[in-house]
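Each remark here refers to the structure printed beneath this line.
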Amino acid sequence: MANNSFDFKKLLDSVNSCYSESVNHSLPLISSFPDNLFNSKGLDENQLKIFEKTVNDLYLKSVCNRLLAITKIQNAREQNTELDIKEVWNLLYISILNLPDGSIISSVGSQGFLSIPLYRYRTDMKQFEFIRLHIWDDSLNQHISNENRKKFSIHSHSFHAQSWILAGSILNERYSVIKSSSQKENSLFEIKYNKTIRKVNQHTSNAVNTKIFVDVNKISKEQYFPSSSYEVDAGDYHKSGTLSEDGLSASIFSFTAKDGSVPKSFVVGPSDVKNSKINRKTEIDPTYLLNKLDEKINKLGTGQRLMILDWMRKVHQLEYAHRYESIKWSNRHLWIGYPAFIISLLIAFSFRFPWETIINDYGTHWYTNHSFYIAFFTSIVALLTGYQTFVRPNEKAVTHKNTGQHHEKIRHQLEYILTSELDKKTRNKKLEAIRKEWESIDSINVSYDNFKEGKNMVLSFKKYPEELGFIKDRIN
């Protein structure tokens, strides 16, 4: 193996430890991976992706995808960069979904969420790291005591924690917990685990009253949405839960000693309770929740959302361009129609105008010659009438107005897709129907000035991404 074999062994063993013990014999070893997965900077993600596509073993494919996901999470945390939640979720989803029943560890803890361990390193506690997938859903309430959850919801962690929201909405509340020498309603409880302490996701634990009274005050109340992240320092107190209307939320939760640790963690509970046993419901099949979560996360991916917005921007520009074009032709119709009407009226009136009196009084000049004006204005009327007959500005104005309204209709359809909870199949079907409807609109040219004016108007709204922003740049 390459010089990086130790680091890779740490990474691989930490991922393998989060699969069920019953499948340990099926998990890949270091020798299962080729040497070219490493370069001078560590794991070569591109080579790992290529390798994953060449293997058929379910567990090897699962671990490959899990390694890619964990690496991205660690890089985002250590480099303080944004985590691509859709990409990471898809890797995790694939790494779990196709495995046989019983391959994945999943349990419901005292806080009411389903916990699926993804990565756990505890060989050196100074570098302790634990990454889990947390899923909240109303269907999990049957596995816990809601009363105990409310009583023992405020807690601290021994290690620095960071959470990335995958779906739904998470409410995080922070608390000030100060020890008190006088009797208070709340005390600190220490979590005592059973003999499976060295297992991932312990089976049972017991919250034991330390008889240390505390004053508890809420510091802040924060709501987080997909792609956002929050941190909790080691030893700080908080509680979190879902705020989604459908009850479904999910996050990736990371503990790391490198960013801080304290000797012990505690839970705040009622002072009159001596201890509270916490049963952790294990061996829950996560398939239903994973599929439900995937549908929610992938209902509208970032790339597809940007594509729809790009369509909306183009439709919006054409909508305004055709409206401006309609106004132009409507005005032209008026500019031609009114002069033609007025001049025709003047010609008719001129036959009864006292030209002879004017001529006798002021002399005959060419510009007072009745025949000249009759011929001149008759020619203008003929030109204007002919222009209206062949160019038909009023008809063009109506056509551009109707085309603009058609584009507006399509824009509203795209807005509906963006703001509605549609499943992937229905959404794609509607997008295809919109694409066909857009293509069916008769192509009517608009002037460059009006197109530019429409483009500038839409640009001024500052609501659309950069043109073709849904297409990622290619780096050669």
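The values are calculated or read from the model by the stated rules, or taken from the named source; none is laboratory data. Source: prediction; values computed, not measured. In this analysis, Cβ positions are derived from the backbone assuming ideal geometry, glycine residues included, and neighbour counts consider all displayed protein chains.
Numerical summary
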| quantity | calculated |
| --- | --- |
| Among residues of the range 240-270, those that are in a strand (DSSP E or B), under 26 Å from the mean Cα position of the chain (by Cα) and either closer than 26 Å to residue 183 by Cα or hydroxyl-bearing (Ser, Thr, Tyr) (or both), counted | 5 |
| When residues of the range 224-239 are limited to those that are of a type in the set (Phe, Trp, Tyr) and part of a strand (DSSP E or B), the one modelled with the highest pLDDT | 237 |
| Residue satisfying all of: in the range 431-445; at pLDDT 75 or above and either surrounded by fewer than 16 Cβ atoms within 10 Å (Cβ to Cβ) or over 26 Å from the mean Cα position of the chain (by Cα) (or both); nearest to residue 293 (Cα to Cα) among these | 432 |
| The listed residue being of a type in the set (Ser, Thr, Tyr) and not assigned by TED's automatic domain parsing to the domain that holds residue 49, out of 119, 93 | 119 |
| Selected residue (only one of 149, 132 is closer than 16 Å to residue 238 by Cα and touching a residue at least 12 places away in the same chain (Cβ under 8 Å)) | 149 |
| All positions within the range 103-126 that are more than 24 Å from residue 153 (Cβ to Cβ) and at pLDDT below 90 | 122, 123, 124, 125, 126 |
| Meets criteria (more than 17 Å from residue 110 (Cβ to Cβ) and in a strand (DSSP E or B)) for residue 135 | no |
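Conditions tested, residue by residue: (1) in a helix (DSSP H, G or I); (2) modelled with pLDDT of 95 or more; (3) within 20 Å of residue 290 (Cα to Cα).
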site: 11; (1), (2), (3): yes, no, no
site: 22; (1), (2), (3): yes, no, no
site: 59; (1), (2), (3): yes, yes, yes
site: 63; (1), (2), (3): yes, yes, yes
site: 96; (1), (2), (3): yes, no, yes
